[in-house]
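Asker: Okay, here's the structure, questions in a sec.
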Amino acid sequence: MNCSMKKEQVVNCQFSVWYPLFKKHTIKSLILPLPQNVIDYLLDDGTLVVSGGDHNTQQTNSSDSDAEEDIQWSDDETTTTVTAPEFPEFTSTVLEAINVLGGRAFPKLNWSAPRDANWIALNSSLQCQTLSDIFLLFKSSDFITHDLTQPFLRCSDHDTPDPVISYELVLRKWSELIPGGEFRCFVKENKLIGISPRDYTQYYHHISKQEEQLSQSIQEFFSQHIQYNFLDEDFVLDVYRDSWGKVWLIDINPFGEVTDSLLFTWEELTSGNSISGGQQDGDVAQQQEGPAFRYTTSEVTVQPSPCLSYRIPRDFVDLSTGEDAYKLIDFLKLKKSQQEEDEERGEQP
């Protein structure tokens, strides 16, 4: 059976669609409409400069103007000026939302978070305190670009008109999630058929030790709170089991190849056949009534993270080939501005 993900299923997996349905079972979040000029800026390959005007509303005008000064460089023939774009109203709205969430937020768009871009942040984290933090991650992320440019990629009804999307910035209250506590669950015809750790590239002793309890608690959460309550019968949900054993909903994704199948293959997930609980090292467990639970079973099977492939920015490839000699200056200026913001925040009482 071929995967037949429809555009309507992708629409239903937008954060603003599922969040109201499961608000009490997930992390507190705020949803902000994304202005068209911000969307244009995020899609502009030639602009890496971000305004520093969002670091703190109580700062003096002189510090603001210093952070927002134009970048200038010259050679024997030309002088070029790049001006940081300004989004004063949106900046104010974002800072207010981050403040409501406790001063730190996890950003994403309608579907994706910039997980492929955490390498570029100073702390290698998706934790954001300013709009500059968010822009740096978003403009460095292929996942975000995918959301903005081709959200209906690989849909089977590609000949039909694309639904109109209202893009949104989602800010989620920052939570320190323990690695190895997040799981991806595959749901077909409203039945939970497979579970895999989100971080399947590492070996976590507690997963093999608590396999039965983990699987049971996830199944109970699904049957009590999610099953038959979502708009589709085929979907993928990410959940987190905390140290007290409570399960939280993290995200809902389309049931199709745009979603990483982790330790499963989309062929077996869509075949209609029962899936074995065979682990990553090739051991095949006995058939069970519940969903197949797969995880990395030893250090031998540890794999490199799939996000490593995103760690060399395309802009740097341009630099190495001489295609864009100015992007490095933009990039370094942006990093310097962000570092100064962090230092200023650290100096404040």
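What follows is calculated from the coordinates using simple rules that are stated; it is not laboratory data. Computed from a predicted model, the values in this text were never measured in an experiment. As a convention, Cβ positions derive from the backbone with ideal geometry for all residues, glycine included, and neighbour counts pool all protein chains shown.
Asker: Charges at C-beta only: +1 for Lys and Arg, -1 for Asp and Glu. How large is the resulting dipole of region 182-297 about its Cα centre, in Debye rounded to 20? Don't skip to the end; give the middle numbers.
Answerer: Details: 8 positive and 19 negative charges, 60 e Å.
With only Lys, Arg, Asp and Glu charged at Cβ, the dipole is about 280 debye.
Asker: Name the residue from Gln129, Leu177, Cys155 whose Cα lies farthest towards the positive end of the charge dipole of region 120-201, charges +1 on Cβ of Lys and Arg and -1 on Cβ of Asp and Glu.
Answerer: Sorting the options by dipole projection puts first Leu177.
Asker: Suppose the chain between Val17 and Asn99 were pulled fully straight at 0.36 nm per residue; how much longer would it get relative to their current alpha carbon spacing?
Answerer: On the way: separation 82, 0.36 × 82 = 29.52 nm, distance 2.40 nm.
Contour length minus Cα-Cα distance gives 27.1 nm.
Asker: If R0 is 41 Å, what FRET efficiency do you get for Glu220 and Glu340 from their C-beta distance, rounded to 0.05?
Answerer: On the way: r = 49 Å, r/R0 = 1.19.
My answer for the efficiency is 0.25.
Asker: So how far, in whole Å, is the C-alpha centre of region 17-45 from the one of region 242-260?
Answerer: If we compute the Cα centre of each part, the gap is 18 Å.
Asker: From the square roots a ≥ b ≥ c of the eigenvalues of the alpha-carbon gyration tensor of region 168-271, which class results: rounded (a/c under 1.5), prolate (a/b over b/c), or oblate? Before the final figure, lay out each step's value.
Answerer: Working: a/c = 1.35, a/b = 1.18, b/c = 1.14.
Rounded shape, in that the Cα axes give a/c under 1.5.
Asker: For the pairs Lys7/Lys108; Lys6/Lys246; Lys108/Lys173; Lys173/Lys246, note any where the Cα-Cα span goes beyond 22 Å.
Answerer: Numbers: Lys7/Lys108 20 Å; Lys6/Lys246 33 Å; Lys108/Lys173 12 Å; Lys173/Lys246 18 Å.
Flagged as over cut-off: Lys6/Lys246.
Asker: Now a separate question. Based on the mean of other beta carbon atoms within 10 Å per residue, what is the order of 255-267, 158-170, 238-250, most packed first?
Answerer: Values: 255-267: 18.4, 158-170: 13.1, 238-250: 15.9.
Packing order, densest peptide first, comes out as 255-267, 238-250, 158-170.
Asker: Continuing with this model, one more query. In terms of modelled amide H atoms, which long-range or inter-chain residues lie less than 5 Å from the amide H of Met5?
Answerer: Distant-sequence amide H within range of Met5: Ser156.
Asker: Can you tell me the length gained on complete extension of the stretch Glu289 to Ile39, counting 0.36 nm per residue apart and subtracting the Cα distance?
Answerer: On the way: separation 250, 0.36 × 250 = 90.00 nm, distance 4.65 nm.
Full extension from Glu289 to Ile39 adds 85.3 nm.
Asker: Taking +1 at the Cβ of each Lys and Arg and -1 at the Cβ of each Asp and Glu, which of Leu214, Ile195, Ser271 sits farthest along the dipole of region 182-297 towards its positive end, judged by Cα position relative to the Cα centre?
Answerer: It is Leu214.
Asker: For region 182-297, what's the relative contact order in percent, using C-alpha pairs closer than 8 Å and at least 6 residues apart?
Answerer: On the way: 185 pairs, mean separation 38.0, N = 116.
Worked out over region 182-297, it gives 33 percent.
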